[in-house]
1. Give B:F227, B:F260 a once-over and let me know the one that is at pLDDT below 90, surrounded by 15 or more Cβ atoms within 10 Å (Cβ to Cβ) and in contact with a Leu (Cβ under 9 Å, 6 or more places away or on another chain).
2. Could you list all residues from segment B:81-139 that are of a type in the set (D, E, K, R) and under 30 Å from C:F110 (Cα atoms)?
3. One residue is enough: does segment C:136-148 have a residue meeting the conditions among the hydrophobic types (A, V, I, L, M, F, W, C) and either surrounded by 21 or more Cβ atoms within 10 Å (Cβ to Cβ) or within 12 Å of chain B (Cβ to nearest Cβ) (or both)?
4. So which pairs qualify, if the first residue must be in segment A:14-28 and more than 7 Å from chain B (Cβ to nearest Cβ), the second must be surrounded by fewer than 24 Cβ atoms within 10 Å (Cβ to Cβ) and hydroxyl-bearing (S, T, Y), the Cβ gap must be under 6 Å, and the two must be at least 6 apart or on different chains?
5. Output the residues belonging to segment B:117-134 that are more than 8 Å from every other protein chain (Cβ to nearest Cβ) and part of a helix (DSSP H, G or I).
6. Which is buried (at least 21 other Cβ atoms within 10 Å of the Cβ) and touching a residue at least 24 places away in the same chain (Cβ under 8 Å), of B:S77, B:S84, B:S54, B:S109?
7. For segment C:238-251, which positions are surrounded by 18 or more Cβ atoms within 10 Å (Cβ to Cβ) and over 24 Å from C:T47 (Cβ atoms)?
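The values are calculated or read from the model by the stated rules, or taken from the named source; none is laboratory data. This structure is a prediction, so every number in the text was calculated from the model and none was measured. Counting neighbours? That spans all protein chains shown, and the Cβs are built from the backbone with ideal geometry, glycine included.
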Amino acid sequence: MFSFSIKTRDIVIAALCGAINAVLQIVSTFFTPIPGLSVLYPPSGFGAATAVWFGFWGWVGAVLGTLFAAPYWGYSMPVAVLFGVLTPWEVLIASLLRRNFDPTLKNKRSLGMFIGLVVILGTFLDALFGMLVSIYVGYYTPDFAFTVAIWPWWLADAVAAFVIGIFLLRVLTPYVKRMGLFYEGFFARKIERS
Amino acid sequence: MAYDFYVARQTVLHKLSPPTKVVFLLSTSLLALEVQDPRVNALLLVGLLLGALSLRIPWRVSSIFFRSGLIVGIALSISWLFFSKVGEPLYRLWDGIYIYDLAIPLTLSMLFRLWTLLTSTLIFVAITQESEFIAGLRKLKVPYALCLTFALVLRFMPLLIEEYNQIREAQMARALELEKIPLLERMKHFMAIIVPWLVISLKRVSTLSAAIDSRGFKITGRPRTFFHEPDVSLADWFLILGLVGLFAAVFALRTWMGYFVIVPGRL
Amino acid sequence: MTSPLIRVDNLSFRYEGSERWALSNVRFDVNEGEVLGIFGRSEAGKTTLCMCMNGLIPHDLEGDLQGSVEVAGQNTKRTEPQDLATIVGIIFQEPESQFIMTAVEDEIAFGMENIGLPPNEIEERLRLVLKLTKLEQYRRKPPRRLSGGQKQRVAIASALALRPKILIMDEPTSELDPIGKNEVLAIAKELNREHNITIILVEHETELAADIIDRGIVLSEGRVKFQGTPSELFGNVELLNREGIFLPEVTEVGYGLSKHGFPITQLPFTFQQGSALLQSLLTKDRNPV
């Protein structure tokens, strides 16, 4: 019924989102009142916005961003792949649910969905899986992960998804559409019905 | 802020072929993850540190890894020393909080593991140019479309960092304060940098896609060649097989004979 | 009579979702070895026209395309831009947005790898285009560390490596300093004069463009308002003023002089012509230029 093939534009969008995401991860070290404790994690907000604009390719960008920002966060690259694939839940949820709400979040229903499912649930899952990966590779013990570490991780992601994600969607969505970059489908920019 | 880790030297490590470098990164990382014994992890770490020292990596590169290793190391140490209940209680800190006897070797082990992972990445990025990284992945049969995606990320990161810094300085010249202000204000001012930066970046998508297509790129349907085909010498093959063999041996010893393990059932 | 290398026949195009036609009934031919200048104010349709000539429209940018464009006998509606890459190359306005690789030689080799050339042929063509564009010493440098003019030369080299018959240059000098502008247009002139490459040049710097074009068209709101030789084009001062196209300074000077009663039958549009005109006027030459 629907068909698609990967186009050059898909690769370019994923790569640019990845590069932007990686730079934002590096920049987020500026929002650390205590070394190692970030209270704002801009890649969460940016990732959620790109997931709404570009679907699957926004999620790929989030994965790539984590891979290439690895040295700044103390991960080796192979470990970063685990974090990159398993943690950006707010981005994945935003990309899967994007067609159920207005991408500019101008009405209450859309805003409510975004806040409930992406900002709160998505970032919580991000933090949860972040802890699971950290436990798996030996960075944290389960007690430390689920009593201490999970909360600042969740807070930083949630604040960014709320502040930055909503702002970008409201301000830049019309611009993304005008540039012809907005994706109709999860994978494909244009849905070709056969 | 910069993203330029490669250190131009003519060392033995630099002369390894690209796929060997990628295998080196993967195998040393996986080895570190397999082993819990702090003595083995320490040995691996010392070996890698000697390798890193031989490269004479400038402080501007190694400081990034040093900083993240220190910060994550502190969190990791707190986690393993005070929040692990493995073995028998050794010291009582205060009511209900003990340091357990196995927590100390585990803390050391995980710390060495963390630093081993970071050092192997440091060595990898210091000896591998971007084009070599892509060539190495290609040689290991990663699909070219994915390799091109990685290449584009590496191509654009330095440019984006430059543009971010330019916009930041331009906004600061317009009296936009970014540092000595409350966090909420800092977030607002941050948007004054991010929005123009994103707009400039997104505008590139159409032109870049057009440029790539105009140079004949097809994802499928046309076989492509490669200008730089990395030579994998006999020495490279020995090293690759040696590293893979070492990983396999450690895996077998750990899985079937319980070597290198303090706490069974976890990495 | 040989058929034209590019035939644009009754071409109209509007972008998807737009009511406005970006191009309307555009019709012109370009012969092999010609340099065609395309002029017009912003949003006149110049870039859209360029992208129609190498297949980016309609394959990459969707919309309603009517009429036809044929390049070297290939209809661009039926041939993808990837397959037209060895016939028509394109240089964009912003150098940074068209680079893919982190070293000049890899950038130039990218296109040749895409079409499946063997490494030894890639090396041979690489040397040749580096020499043509005077970039030999920058072979291993990252493109982002070059000057604007050098970057555009890398873009030209990357397109040339595929040996196209046609090179489309869409405002290649707009982001460059004067030295960069001169470098890029000098290369374009050499490619045309020495190697017979057909050039489509979109350029706001009429002074520089005037020196190399064989013919010019003026686009306005997607329509061709004028087609002709440089002397016809730059002699039509009212049209150019109306369309917001800057006159070459020598043309302005000549026009001003003609308004003050000096006997000028043909306005100059190159420095040499302007210089000759002034000399003749100053020596009271009764055979005006």
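1. Answer to the check: B:F260.
2. Matches in segment B:81-139: B:E130, B:E132, B:R138, B:K139.
3. Checked against the condition, which is being among the hydrophobic types (A, V, I, L, M, F, W, C) and either surrounded by 21 or more Cβ atoms within 10 Å (Cβ to Cβ) or within 12 Å of chain B (Cβ to nearest Cβ) (or both), segment C:136-148 yields no hits at all.
4. A:S28/A:S38
5. Correct list: B:T119, B:I123, B:A126, B:I127, B:E132, B:F133, B:I134.
6. Exactly one residue qualifies, and that residue is B:S109.
7. Initial filter on segment C:238-251 (surrounded by 18 or more Cβ atoms within 10 Å (Cβ to Cβ)): C:240, C:243, C:245, C:247-248, C:250-251.
Residues satisfying the conditions are C:V250, C:T251.
The rows are residues; the columns are (1) crowded, with 18+ Cβ neighbours inside 10 Å; (2) closer than 22 Å to A:G84 by Cα.
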{"residue": "A:A145", "(1), (2)": "yes, yes"}
{"residue": "A:D157", "(1), (2)": "yes, yes"}
{"residue": "A:A161", "(1), (2)": "yes, yes"}
{"residue": "A:F167", "(1), (2)": "yes, no"}
{"residue": "A:V171", "(1), (2)": "no, no"}
{"residue": "A:M179", "(1), (2)": "no, no"}
{"residue": "A:E184", "(1), (2)": "no, no"}
{"residue": "A:R189", "(1), (2)": "yes, no"}
